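Report on the structure given below.
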Amino acid sequence: MTDDRKENGSMPPTHGDDAILENQCQCEIKNEELATLEREVDGLKVALASRTVIGIALGIIIERHHVTEPQGFQILKKLSQHSNVKLRDIAARMANDAQPFGSKTPQRSSRI
């Protein structure tokens with residue numbers, strides 16, 4: 001009968017019930033923190049991949065146009081702004097379409 005009254009709300013929760021609720025709240029908080037950290041890691045992975053591709057495109061610009069690194073980055077930035085395409089996407093296209101050194105014919109590749 002004690003359990004029936006507890007379920008109906010006619011009995012106050014016991015210390016054990018408080019501990020269970022506290023544990024459930026802590027688990028929910030930990031799950032939210034974990035989800036936040038997973039999103040952050042995903043974002044960092046994208047940033048790292050973008051940085052690598054941008055570095056490749058920057059190297060292509062520097063080599064082909066004989067400019068400094070800051071000048072090369074400004075070129076990428078202007079291309080991005082004027083075409084309204086994300087800089088990382090411009091860089092990915094450049095890296096993907098790059099020809100191996102000494103190649104006579106352009107290589108065809110899929111567009112990103």
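The values are calculated or read from the model by the stated rules, or taken from the named source; none is laboratory data. Just so we're clear, the structure is a prediction, and the values are computed from it rather than from any experiment. Don't worry about glycine lacking a Cβ; one is built from the backbone with ideal geometry, like all the others, and counts go over all protein chains shown.
Okay, here's what the table says:
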{"quantity": "Qualifying positions in segment 48-86 - over 25 Å from PRO100 (Cβ atoms), polar (S, T, N, Q) and surrounded by 12 or more Cβ atoms within 10 Å (Cβ to Cβ)", "calculated": "GLN74, SER80"}
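A quick yes/no check of all residues on (1) modelled with pLDDT under 90; (2) surrounded by 10 or more Cβ atoms within 10 Å (Cβ to Cβ); (3) over 30 Å from ASP89 (Cβ atoms):
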position: PRO12; (1), (2), (3): yes, no, yes
position: ASP17; (1), (2), (3): yes, yes, yes
position: GLN26; (1), (2), (3): yes, yes, yes
position: VAL46; (1), (2), (3): yes, yes, no
